[in-house]
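To start, the structure itself, in structure tokens.
No lab work stands behind these numbers, since they all come straight from the coordinates. For clarity, every value in this text was computed on a predicted model and none was experimentally measured. Counting neighbours? That spans all protein chains shown, and the Cβs are built from the backbone with ideal geometry, glycine included.
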Amino acid sequence: MTSTSLPDSLIATLPGSSYTDPGVFAQEQERIFEAMWFCVARSSDLPKPGAFRTVDVGRESILVTRARDHAIRAYFNVCRHRGAKLCTEETGEVKRAFQCPYHAWTYDLSGKLVAAPNLTKMPDVGRTEYGLVSVAVREWLGYVWVCLAENPPSFEEDVIGAVVERLGDVESIERYDVDNLAVGKRIVYDVKANWKLIIENFMECYHCATIHPELTEVLPEFADGYAAQYYVGHGAEFGEEIQGFTVDGSEGLDRIPGVSQEQDRRYYAITVKPQVFINLVPDHVIFHRMYPVAVDRTVVECDWLYLPGVVESGKDVSRSVELFDRVNRQDFDACERTQPAMSSRLYAKGGVLVPSEHHIGAFHDWVLERLGTRQP
Ligand code: FES
Ligand code: FE
């Protein structure tokens with residue numbers, strides 16, 4: 001409990017300043033985003049050696065690339081000479097090396113310093129010692145996660161464990177073969193709201209009946225029934241008349257063959273703290289990554305993943321994409337409506353959570369523990 005002044009059935013939220021104070025955001029960058037596994041790219045965004053992407057993780061810029069051995073590597077995007085940002089583009093491709101635009105120190109794809117003007121006259125500069133500094137990398141579900149911590153937490157516990165906790169076992173997600181699906185659509189949303197408002201919104205379905213008419217049409221139990229509001233996507237069943245997870249309930253795309261009988265005609269939603277949301281339906285997977293940019297701004301990148309044959313054949317995925325694109329816009333509008341009021345004097349002590357939002361209370365406790373402002 002974050003407050004003792006309320007009846008047991010009601011839980012206080014975080015105070016408004018948690019969503020507006022740049023000092024709190026700086027702590028979250030250090031103790032959450034720079035300390036945990038953070039999803040930075042779809043592996044297929046880096047199709048061959050030299051393809052790269054730069055991503056801000058907490059306060060650091062990270063350079064993610066595919067090396068000559070085809071393994072994905074990630075480095076601090078900081079030149080070892082005098083600290084210039086090595087790579088200034090968000091995505092691109094180099095042939096065999098990254099060259100700093102300042103004094104032309106050059107690093108190969110495995111991070112080794114391979115050339116620098118006059119380097120031979122400076123024998124003390126070790127080429128490995130002054131190579132790029134790498135960060136831990138893991139690939140799972142066809143996505144690249146990095147961790148900036150010197151001793152990264154267990155990926156199995158923190159990332160895979162979050163999925164297992166929700167679905168019961170790891171096979172339940174493996175059946176969707178997420179690694180091998182193809183990106184049918186990617187939409188990037190620039191949301192003027194704190195990252196926690198977006199997570200909190202994703203975790204509850206109390207709002208579904210109010211703001212998601214299309215989603216509640218497809219998943220009728222989201223519209224009524226108190227129990228359904230406890231979990232977003234605990235395996236919610238499609239309505240009887242519904243043929244597929246599309247904006248008008250019309251037929252979807254080719255079903256992913258591994259999906260079990262039990263998973264068919266159902267929608268599952270998973271939150272992997274601190275910045276990934278995964279939605280599973282029989283014919284596609286919707287994969288969100290949040291990139292917190294500032295205390296009041298978060299970029300959300302969302303992929304719609306289908307069987308490769310569906311994408312290659314150019315089948316029309318638009319009705320399928322439109323359903324969750326609308327849901328996203330409805331959710332992010334709600335978050336953007338909430339953000340300005342976080343600085344209202346009326347919200348200084350926060351609000352309350354009704355019982356069906358108890359996940360949010362657990363999330364707040366988790367945030368406070370990470371920040372060290374509450375004892376576990
Ligand atoms: Fe990069 Fe000098 S700062 S080469
Ligand atoms: Fe929603």
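Looking at Val135, is it more than 17 Å from the chain's Cα centre (by Cα), closer than 29 Å to Val272 by Cα, more than 16 Å from ligand 2 (Cβ to nearest atom) and in contact (Cβ under 8 Å) with a residue 60 or more places away in the chain?
Criteria met by Val135.
Go through (1) in contact with a Leu (Cβ under 8 Å, 6 or more places away or on another chain); (2) surrounded by fewer than 19 Cβ atoms within 10 Å (Cβ to Cβ) and name the single condition Val285 misses.
(2)
From (1) buried (at least 18 other Cβ atoms within 10 Å of the Cβ); (2) of a type outside the set (Phe, Trp, Tyr); (3) touching a strand residue (DSSP E or B) at 6+ places or on another chain (Cβ under 6 Å), pick out the condition that doesn't hold for Val272.
In the conditions (1) buried (at least 18 other Cβ atoms within 10 Å of the Cβ); (2) of a type outside the set (Phe, Trp, Tyr); (3) touching a strand residue (DSSP E or B) at 6+ places or on another chain (Cβ under 6 Å), Val272 misses (3) alone.
Of (1) touching a strand residue (DSSP E or B) at 6+ places or on another chain (Cβ under 6 Å); (2) of a type outside the set (D, E, K, R); (3) touching a residue at least 12 places away in the same chain (Cβ under 8 Å); (4) surrounded by 15 or more Cβ atoms within 10 Å (Cβ to Cβ), Thr106 satisfies all except one. Which?
(3)
In this structure, is Val300 farther than 21 Å from Val170 by Cα and either more than 16 Å from ligand 2 (Cβ to nearest atom) or touching a helix residue (DSSP H, G or I) at 6+ places or on another chain (Cβ under 6 Å) (or both)?
Answer is no for this residue.
Taking region 163-197 as the search range and keeping residues that are of a type in the set (Val, Ile, Thr) and more than 29 Å from Asp316 (Cα to Cα), which one is nearest to ligand 2 (Cβ to nearest atom)?
Checked region 163-197; the qualifying residue nearest to ligand 2 (Cβ to nearest atom) is Val163.
Please return the ranges of strands (runs of 3 or more DSSP E) entirely within region 69-149 where 2 or more residues are away from ligand 1 (no atom under 16 Å from the Cβ) and over 24 Å from Val188 (Cα atoms).
In region 69-149, the matching strands (runs of 3 or more DSSP E) lie at 134-140.
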